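Scroll down for the structure; my scribbles are underneath it.
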Amino acid sequence: MSYSYKEWKKHCLETKESFLVLSFPAVQKLNVNVEMAVKNAEVQSKMIETIMEFCPKQAAYIGLMDLSVEAQAFGMEVQFSEREVPNAKGVIVKSLEDARALQIPDVSKNRTQVYVDAIKLVASRNKDKPIFAGTIGPFSLAGRLIDVSEIMIQAIMQPSLVHTVLEKVSTFIEQYILAFKEAGADGVIIAEPLAGLMSKEMVQTFSGNYLKKIIDKVQDDHFSVIYHNCGPSTVSSLEEIYSIQAHGYHFGNAIDLEDVLSKTSEDILVFGNVDPVKYFCDASKEEMDVKVKELFEKLGKYPNWLISSGCDIPSHAKWENIEQYFKSIEKWR
């Protein structure tokens with residue numbers, strides 16, 4: 001499709017369609033498992049197209065959100081599962097020397113290329129609605145390479161180590177996003193959950209500044225960046241988060257969206273935030289209906305809000321709850 005952010009935003013605000021982070025439950029419809037999906041571009045493309053078929057009321061369709069793939073490209077071990085998303089294990093940066101020696105991977109020579117190829121297949125066959133790819137944010141990726149707890153310490157004790165890694169992972173993420181853009185994606189969701197654990201000053205220094213550089217290189221009216229954060233400190237860092245000037249902001253279910261929206265200009269798109277496990281996996285259809293109603297009653301007064309899941313929906317989610325979610329939107333919006 002000929003994507004225009006301005007036109008898509010107008011459409012979203014008028015229709016109040018959902019921006020559900022939905023891809024992995026399609027394994028149930030295709031009778032495949034998660035490990036097969038994250039290693040095969042054709043399977044991934046069919047999963048996205050399955051979501052298109054069964055969820056036509058989506059504002060956009062989203063590729064698989066696998067935040068291990070970039071870490072694996074840098075050399076981390078990844079544990080695969082038939083049911084759960086892959087999990088990156090271990091630490092590969094333990095010193096400033098390790099950080100300096102870290103090599104920026106080639107997107108085309110790693111599992112990242114599988115994800116690019118999947119988007120290319122979908123984009124070549126479907127022109128109806130926008131297709132968004134997914135990637136991890138720079139601070140969250142650096143945290144995987146250094147260790148989540150250790151990077152918080154090193155950001156204070158040895159910031160040069162953290163910045164050395166951030167420069168390299170940011171270059172890689174930029175190249176990865178540009179590959180998606182060339183493949184035909186209309187945008188990308190950048191998941192930066194680790195930034196939600198930092199103070200606002202640290203958010204700007206170790207996340208926002210790097211994201212702004214990436215966004216300045218990749219985003220235009222024909223390609224959008226959606227920023228995702230689900231950390232508990234997010235609301236206190238809204239000014240820093242909005243300074244990256246993404247086209248939209250997606251927040252996790254641990255965050256009070258009314259608190260966010262009350263502090264947000266109406267020209268900024270905000271997405272969220274039905275708990276993906278509680279309501280899509282564990283709840284009844286009736287409980288899903290009540291939750292959607294509650295969100296519209298609470299947040300419907302904000303014209304820049306679009307309902308979404310708080311994060312990626314697990315592969316074992318109940319399809320009856322997914323279907324109820326869309327029915328409830330039609331009922332209560």
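The values are calculated or read from the model by the stated rules, or taken from the named source; none is laboratory data. As the structure is a prediction and not an experimental result, all values here were calculated from the model. Reconstructed Cβ throughout: ideal geometry from the backbone, glycine too, with neighbour counts over all protein chains shown.
Data for the structure
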read-out: Some residue of the stretch 280-302 being among the aromatic types (Phe, Trp, Tyr) and part of a loop (DSSP other than H, G, I, E, B); value: yes
read-out: Per-region count, the stretch 42-94, residues within 19 Å of Leu22 (Cβ to Cβ) and aliphatic (A, V, I, L, M); value: 13
read-out: Neighbours by Cβ (under 7 Å, 6+ apart or cross-chain): first from the stretch 114-135, in contact (Cβ under 8 Å) with a residue 40 or more places away in the chain and closer than 12 Å to Ala183 by Cβ; second among the acidic types (Asp, Glu) and part of a helix (DSSP H, G or I); value: Leu121/Glu42; Val122/Glu49
read-out: Flag for Glu77 being over 21 Å from Ser315 (Cβ atoms), in contact with a strand residue (DSSP E or B) (Cβ under 8 Å, 6 or more places away or on another chain) and among the acidic types (Asp, Glu); value: yes
read-out: Tyr210 vs. criteria of a type in the set (Phe, Trp, Tyr) and touching a strand residue (DSSP E or B) at 6+ places or on another chain (Cβ under 7 Å); value: no
read-out: Sole exception among (1) over 22 Å from Ile151 (Cα atoms); (2) in a strand (DSSP E or B) for Ala88, by number; value: (1)
read-out: Of residues in the stretch 303-324 being touching a strand residue (DSSP E or B) at 6+ places or on another chain (Cβ under 7 Å) and in contact (Cβ under 8 Å) with a residue 60 or more places away in the chain, the one surrounded by the fewest Cβ atoms within 10 Å (Cβ to Cβ); value: Asn304
read-out: Residue check, Ser236 small (Gly, Ala, Ser), out of contact with any Cys (no Cβ under 8 Å at 6 or more places or on another chain), surrounded by fewer than 20 Cβ atoms within 10 Å (Cβ to Cβ) and within 20 Å of Thr135 (Cα to Cα); value: no
read-out: Members of the stretch 102-113 that are at pLDDT 95 or above, more than 15 Å from Ala183 (Cβ to Cβ) and part of a helix (DSSP H, G or I); value: none
read-out: Test result for Leu261, in contact (Cβ under 8 Å) with a residue 24 or more places away in the chain and more than 19 Å from Gly187 (Cα to Cα); value: yes
read-out: Residue, farthest from the chain's Cα centre (by Cα), within the stretch 188-224, restricted to residues that are crowded, with 23+ Cβ neighbours inside 10 Å and either part of a strand (DSSP E or B) or among the acidic types (Asp, Glu) (or both); value: Ser224
read-out: Residue ID - farthest from Ala101 (Cα to Cα), chosen from residues in the stretch 173-187 that are surrounded by fewer than 22 Cβ atoms within 10 Å (Cβ to Cβ) and not charged (D, E, K, R); value: Gly184
read-out: Of all residues in the stretch 18-45 being assigned to a loop (DSSP other than H, G, I, E, B) and under 18 Å from the mean Cα position of the chain (by Cα), the one that is farthest from Asn87 (Cα to Cα); value: Phe19
read-out: Residue list for the stretch 136-146, filter: touching a Phe, Trp or Tyr at 6+ places or on another chain (Cβ under 9 Å) and either free of Cβ contacts under 8 Å to residues at least 12 places away in the same chain or assigned to a helix (DSSP H, G or I) (or both); value: Pro138, Phe139, Leu141, Ala142, Arg144, Leu145
read-out: Residue ID - farthest from Ala37 (Cα to Cα), chosen from residues in the stretch 277-331 that are over 22 Å from the mean Cα position of the chain (by Cα) and of a type in the set (Gly, Ala, Ser); value: Gly300
